[in-house]
Every structure is written in C-alpha cells, then in structure tokens.
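Just below is one structure, and these are the notes that go with it.
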Amino acid sequence: PALNLGIGGGSHGSMTGAQLAAIETVLLQEKPDWVLVYGDTNSTLAGGLAAAKLNIPVAHVEAGLRSFNRRMPEEVNRVLVDHLSSALFAPTEMAMRNLAREGIAPDQCHLVGDVMFDAALAFGEKARQRSKILGRLGLAAKEYVLATVHRAENTGDRQRLRAIIGGLNSIAGQTTVVWPVHPRIRNLLQQSKMQKLLHEGIRLIEPVGYLDMVMLEQNAALIATDSGGVQKEAFFHRVPCVTLRAETEWTELIDAGWNRLAPPTDEQRLGQVIVDAIGSRGRDVRPYGDGQAARLIVERLLKMQP
C-alpha cells in the first residue's frame, strides 16, 4: 500500500512563525498520512509542531536520545518532538530506556537501529571507490588526526576555543591534524587572532563533501570532534574518537571504549586525552542494529497506516 509522508529535519537555523505557517500550508495541501521527522534540529521541531497542530501523526526517527543538558537547543528539540510523536523509532536500547523513564507508552516505541549505520554501510565503499581526497592532500592512511569543531558552546567561548587549539597543538608536532573549517569559524579564528596560535602541523582545509568526509574519517588515526554525528561515524569506521564536550548522547560508545569525553576547559588535559586515544581500540559491540533500520521503519509505518 502507498504511504504518503511529510518529511522534516535538517536545519540548525532559527525556527520562526513564518516557517511553521509554511509547513502547515504544505501539510494542508498534501494531506500526508504521517509526518516523518529526523533527529533534533529546529526544522525537526517545526515539522513536528506543525503536524501536531493539524492532528497529523508524527513519527520521530532517532527518538530517545538524551544528553541531559537542557542548555543544548538540540536536547530541548528532541525531548519535545518525542513527546508529541505517535511513533518513536529508537536507535539503541539506551534510547528505549530513556523513553520508558519519561512515561511514553511502550507500544509507541520501536527499537529499529540507526539509519546512520545504514548510510555508513551504503556509502563507505562508495567513498573508497570515488574519493581522491587523501591523494589531493598528500595524506597517508592512519597517519593523521581529523578534527571538526562547530558547536556554539566551543566556538563562541574564546577560552574553550583556545583550549581546543592547545590540545590539537599537543599532537600536531608528531601527527598532522586535518581540520575542515567552516568559513564562519575561519573568520572567527582570524578576527580573534587565534589562527596565529595554530601549530604548523594543523592543516586548515575548506569544508568537504560527504564522500570526502567519509574517506577522511575512515582513514584517520583519531577523530576529535564536537559533532554528535561524527562520533558515531568514527565508531562505524572503527576509529577512536575524542569528543570535545562534557556529555554525549552516545553513552554506549563511552562504555565500550571507542569514545572519550574531553571538555575543552584544560588544554593540557585535552592534549593528553588525544595522545592516549591514538591507537586505542574499544570492545566489539554492535549497539546500532544490523544496517536495516530504514527498512524496519518503513515496514512498521505501513502496518500503522491510519
């Protein structure tokens, strides 16, 4: 049977009344059976709110994640969307337990695995076949550290940003650090004169496309990041990760030894965590399913059709 879906998610920009009204207009025209929203962005919340106001059932992919830090806009978004959704597709057992603790009905919650793992399996080989970025940059596999920094709590706080630079400097003398930098962050580094603090072993490069990023992740000796998604991608490619935050939604990766938390408040400690993590291995765990999350979501939605 056909299943008409409205799909939201994908933007971290500000949510406005105009955006909500625009989504409502589309939903009134299309009359979907479900509105399927993904993740924790502002547009995820906008799609969920617009659907709920029109009494259209909401399905939330990546439900149940919690950092327990309400200062993060993403945390507020994901909690609100979970509590207005009719179908919650959780990626992990921990996410299922979070939903149960918050009193969400068990028959609304479905453990399906992580669609990001589906994508990693699908695109990992394509990256190996198509990406030429290692040759372009003159990089050898497992002989560089990959860094990504974008979160406002890090880039908007000069002390934290300075600590991140100091931590990366501690390894840059022995191992090249590759840092794809968004133009906003590059401008910030220049305006604050922090770019002068960078060790010559830190290579700032332009943002890269998805397949090139996957290739860089697969071949890194270590990934240092404040991104939620990149933490998981590091694990999918069995690369050790240092997370530049005080908490993470992916606590199972901390428990398994693949990820380490290092809030950027002390550059010496951060540098030591990075040095210690290179070459480390975690336990052989598979918390994100078997790569069939998308298929399971579709099958369960079809069974729940209004």
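Structure data summary
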read-out	value
Qualifying residue in the stretch 124-143 (condition: open to solvent by less than 50 Å² (accessible area, probe 1.4 Å), in contact (Cβ under 8 Å) with a residue 24 or more places away in the chain, of a type in the set (Asp, Glu) and within 30 Å of Val177 (Cα to Cα))	no
Number of the condition not met by Glu125 [criteria: (1) farther than 19 Å from Gly229 by Cβ; (2) outside any helix (DSSP H, G or I)]	(2)
Complete set of residues in the stretch 79-97 that are under 19 Å from Tyr288 (Cβ atoms) and open to solvent by 10 Å² or more (accessible area, probe 1.4 Å)	Glu93, Met94, Met96, Arg97
Search result, residues across the stretch 263-306 that are open to solvent by 80 Å² or more (accessible area, probe 1.4 Å) and under 11 Å from Gly167 (Cβ atoms)	Thr265, Glu267, Gln268, Arg269, Gln272
Residues located in the stretch 252-261, provided they are surrounded by fewer than 18 Cβ atoms within 10 Å (Cβ to Cβ) and part of a helix (DSSP H, G or I)	Ile254, Asp255
Qualifying positions in the stretch 193-235 - open to solvent by less than 10 Å² (accessible area, probe 1.4 Å), part of a helix (DSSP H, G or I) and in contact with a Ser or Thr (Cβ under 6 Å, 6 or more places away or on another chain)	Gln231
Tabulated pairs, the stretch 260-285, first without any contact (Cβ under 8 Å) to a residue 24 or more places away in the chain, second outside any loop (DSSP other than H, G, I, E, B), C-beta under 6 angstrom, 6+ apart or interchain	Arg260/Val242; Arg260/Val273; Arg260/Ala277; Leu261/Thr243
Helices (runs of 4 or more DSSP H) lying entirely in the stretch 10-102 (those with 3 or more residues that are among the basic types (Lys, Arg))	none
Residue count, the stretch 151-173 (criterion: exposed (fewer than 15 other Cβ atoms within 10 Å of the Cβ) and either in contact (Cβ under 8 Å) with a residue 60 or more places away in the chain or under 20 Å from the mean Cα position of the chain (by Cα) (or both))	3
Looking only at the stretch 64-78, and only at residues there that are surrounded by fewer than 19 Cβ atoms within 10 Å (Cβ to Cβ) and over 10 Å from Asp40 (Cα atoms), the one that is modelled with the highest pLDDT	Phe68
Criterion: touching a residue at least 24 places away in the same chain (Cβ under 8 Å) and more than 24 Å from Ser170 (Cβ to Cβ) - qualifying residue of Ala234, Ala256, Ala224	Ala256
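For (1) acidic (Asp, Glu); (2) over 25 Å from Met116 (Cβ atoms); (3) modelled with pLDDT under 95, each residue gets a yes or a no:
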| residue | (1), (2), (3) |
| --- | --- |
| Ala2 | no, yes, yes |
| Gly10 | no, no, yes |
| Met15 | no, no, yes |
| Ala18 | no, yes, yes |
| Ala21 | no, yes, yes |
| Ala51 | no, no, no |
| Leu54 | no, yes, no |
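The values are calculated or read from the model by the stated rules, or taken from the named source; none is laboratory data. For clarity, every value in this text was computed on a predicted model and none was experimentally measured. Positions of Cβ are generated from backbone atoms using ideal geometry, with glycine treated the same way; all protein chains shown enter the neighbour counts. Surface accessibility is based on the protein's heavy atoms, side chains included, excluding ligands, DNA and RNA. Shrake-Rupley method; radii C 1.70, N 1.55, O 1.52, S 1.80 Å.
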